[in-house]
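What follows is a short report on a single structure.
The values are calculated or read from the model by the stated rules, or taken from the named source; none is laboratory data. On a predicted model such as this, the values are computed, not experimentally measured, just so you know. A quick note on method: Cβ atoms are made from the backbone with ideal geometry, for glycine too, and the neighbour counts reach across all protein chains shown.
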Amino acid sequence: MTSGEFRLLYIIDSLVPAGAERSLLELSPELQRLGVGLHVAHLLDRPGLQAELAGTGAEVICLAGPGGRRGALARVRRCIRQVRPQLVHTTLFEADVAGRVGAALERVPVVSSVVSDLYGPAHTGNPELVGWKVRATQVVNATTIRLTRRVHAVSDTAAMAVRSRLRYPAARIDVIHRGRDPAVLGRRTGDRRNRARAALGVGVDDPVVLAVARHERAKGLDVLVDAAGDLTRGRPGLTVLVAGRSGRATADLHRSIAAGGLGESVRLLGERADVAELMCAADAVAVPSRSEGFPGVVVEALALEAPLVVSDIAQVREAAIGGSAIFVSPGSSSALAAGLSAVLADPASARMRARLGRTHFEQALTTARIGTEMLAFYHRALGWDEDGREPRPHRSTA
């Protein structure tokens, strides 16, 4: 198969550096290596991963413009006519609506990715969201998802949400996790650790805890800040680093850090392009999320053998298999502090868990594996065989 034989139009809300967008960036080279001509259209013109994605060889198309959803639908339809894809793939709500409807009107097969636990308790109970808007989007999502050939869910939890809350047939859902490229991430070494710590101004022997997440309630960074108060007692030099872009929880995080007198210990680094280096510098990586889709930060930590302390929620447990991390109750700062303390107090056991995590990553979560699974998903949606060939019409010999 050549890129000219299979054109995929991937439509997404924007290319801001968040989970779904970064996963697309990671997968782009592998899909193209497998013969997919990748065209990525984003509906909103926000700064992000455009240049990096174009650098992988994908065509990046901005569909921003006036007219609200009606205008977006018209631009999606024009894009489909220009690209002439065999398949349209949509991700995130606005892209799902415009992409599904546009593809149906242009008579092009369409698939969608579901990247979170849609309309579950963590979603409907989030005080940052407006209840009636959540219910309205659920109705729209449940209606337009009927236009898809198949659905890609990033976790079993996401698949369950599609089945039960969007009433989508289970037989047309494929669970395919997110992956990372081991060659891009590299390996954890003592020299790499020391260089990363020097760049951060952290001592070689000082304990370091890292979290990588945008500043939103779902990510549980408030729990980590609360836990930091317990962690810093009796641990001079301990540093808690938080890498991730600002969000609706940023102001509250700053207030909590100031109120706890943690300004010397907790550092909000903002958005970083060197997350792999930060992980190599860290003694522990905390993932205190209240909800997730399929956490890319866990996959990266497994790949880099960074000891993990994670929320015991289904989506995280899918990524960090039993034995590869310490699991703690979500929302509990005392449990998180205890888990992180255990890692810092027993680095030998932490290294054993990290080695198990690396093995799991190599077996199940590399981009090579995920790319192959995604290509097979596309073939199933199109009714093609395993070699990517369209079935030939049956000819009677009578």
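Can you name every residue in region 330-360 that is touching a residue at least 12 places away in the same chain (Cβ under 8 Å) and hydroxyl-bearing (Ser, Thr, Tyr)? Correct list: Ser332, Ser333, Ser334, Ser341. Count of region 52-64 residues, restricted to those that are over 19 Å from the mean Cα position of the chain (by Cα) and more than 19 Å from Phe6 (Cα to Cα), is 4. Is it the case that region 243-254 has a residue that's closer than 26 Å to Leu356 by Cβ and surrounded by 14 or more Cβ atoms within 10 Å (Cβ to Cβ)? Yes; the residues of region 243-254 include at least one that is closer than 26 Å to Leu356 by Cβ and surrounded by 14 or more Cβ atoms within 10 Å (Cβ to Cβ).
Counting only helices (runs of 4 or more DSSP H) that sit wholly inside region 201-281, those with at least 1 residues that are among the hydroxyl-bearing types (Ser, Thr, Tyr) and modelled with pLDDT of 95 or more are 250-259.
Results for (1) in contact (Cβ under 8 Å) with a residue 60 or more places away in the chain; (2) of a type outside the set (D, E, K, R), shown as yes or no for each residue.
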position	(1), (2)
Leu231	yes, yes
Arg235	yes, no
Arg245	yes, no
Ala251	no, yes
Ile257	no, yes
Gly260	no, yes
Leu269	no, yes
Ala276	yes, yes
Ala281	yes, yes
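From the list Pro17, Pro85, Pro47, the one residue that fits, being surrounded by fewer than 22 Cβ atoms within 10 Å (Cβ to Cβ) and in contact (Cβ under 8 Å) with a residue 60 or more places away in the chain, is Pro17. Residues that are surrounded by 13 or more Cβ atoms within 10 Å (Cβ to Cβ), small (Gly, Ala, Ser), touching a Leu at 6+ places or on another chain (Cβ under 8 Å) and within 30 Å of Ala136 (Cα to Cα) do not occur anywhere in region 191-211. Contact map, region 26-38: residues that are in contact (Cβ under 8 Å) with a residue 40 or more places away in the chain paired with residues that are buried (at least 22 other Cβ atoms within 10 Å of the Cβ) and in a loop (DSSP other than H, G, I, E, B), Cβ distance under 6 Å, separation 6+ or inter-chain. Pairs shown: Val36/Phe6. For region 68-100, the set of residues classified as within 20 Å of Phe377 (Cα to Cα) and among the β-branched types (Val, Ile, Thr) consists of Val88, Thr90, Thr91, listed by residue number. Do we find a residue being in a strand (DSSP E or B) and either surrounded by fewer than 24 Cβ atoms within 10 Å (Cβ to Cβ) or in the same structural domain as Val115 (by TED's automatic domain parsing) (or both) anywhere in region 313-320? Scanning region 313-320 turns up no residue that is in a strand (DSSP E or B) and either surrounded by fewer than 24 Cβ atoms within 10 Å (Cβ to Cβ) or in the same structural domain as Val115 (by TED's automatic domain parsing) (or both).
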